[in-house]
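Written below as structure tokens is the structure these notes are about.
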Amino acid sequence: MPEETRAREAIVGGEYGHSEAHYRDRLARSITTCLRLLRPDRWFSVIFQHWDTRYFATILETATACGAELRAAITQTGDVIWSMHKKKHSASVLAGEFMLTFYKPAHAPSPPAEIPASSSSSPEQVLSEVFDTCLSDGQERFTSEALFNRLVLELWRRRALGCLNMDRRLLAEQLERRGWTYNPRTHQWSREVPGATRHREEGLFARLR
């Protein structure tokens, strides 16, 4: 591989010791180029998964700045977990993929509606409020990935995505504090609620409107 190509490689580390800031810059450039080349009235998907929400901020903000509209967000974990790292440290490891699908309209879209900023003064309080919002649909079972990805979008809508840039153990702590239990065999969180209606896990992450 030519030296110039390696210097521009979208990677953290490598022979050139690229930083995370370098990776986010290359990620933003890639999305910008894809949407520039994409014809109007067409679709574009980014498949990604990571605990660092700065990557999601780069994806969402870059696509929006290029005039794309987020139309669907789907968590795909599969029926079988193949990652040994996930099996050994299941509650703190993300598996599967998060598929963000954007639409490029023929005309510039209207600015997306934003939820008013929370009146809470601390990131911990904002995150706690969003946790309760994401868990308020009566869902009885879900994966860490499904909840984390929903938190990403909800916080992004509130322009508070930085609140989730904390230790990954925080997700488990917040859920355990609310009475949820993690099953390392099924890789799902659950809490039996008397009289609650059962839903499919996908209910946590429905198609956006």
Spot the failing condition for residue 202; the list is (1) assigned to a loop (DSSP other than H, G, I, E, B); (2) at pLDDT below 85; (3) of a type in the set (D, E, K, R), and only one is missed. (1)
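Table: residues versus (1) assigned to a loop (DSSP other than H, G, I, E, B); (2) on the phi < 0 side of the Ramachandran plot; (3) surrounded by 14 or more Cβ atoms within 10 Å (Cβ to Cβ).
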| position | (1), (2), (3) |
| --- | --- |
| 21 | no, yes, no |
| 26 | no, yes, yes |
| 29 | no, yes, no |
| 33 | no, yes, no |
| 36 | no, yes, no |
| 40 | yes, yes, no |
| 45 | no, yes, no |
| 56 | no, yes, yes |
| 60 | no, yes, yes |
Kindly indicate the residue of segment 160-175 that is more than 15 Å from residue 125 (Cα to Cα) and out of contact with any Phe, Trp or Tyr (no Cβ under 8 Å at 6 or more places or on another chain) and also most open to solvent (accessible area, probe 1.4 Å) among those meeting that condition. 169
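The values are calculated or read from the model by the stated rules, or taken from the named source; none is laboratory data. Small disclaimer: the values here were computed from a predicted structure and weren't measured. Neighbour counts run over all protein chains shown; Cβ positions are idealised from the backbone, glycine included. The area values use the complete protein model at the heavy-atom level, side chains included, leaving out ligands, DNA and RNA. Shrake-Rupley method; radii C 1.70, N 1.55, O 1.52, S 1.80 Å.
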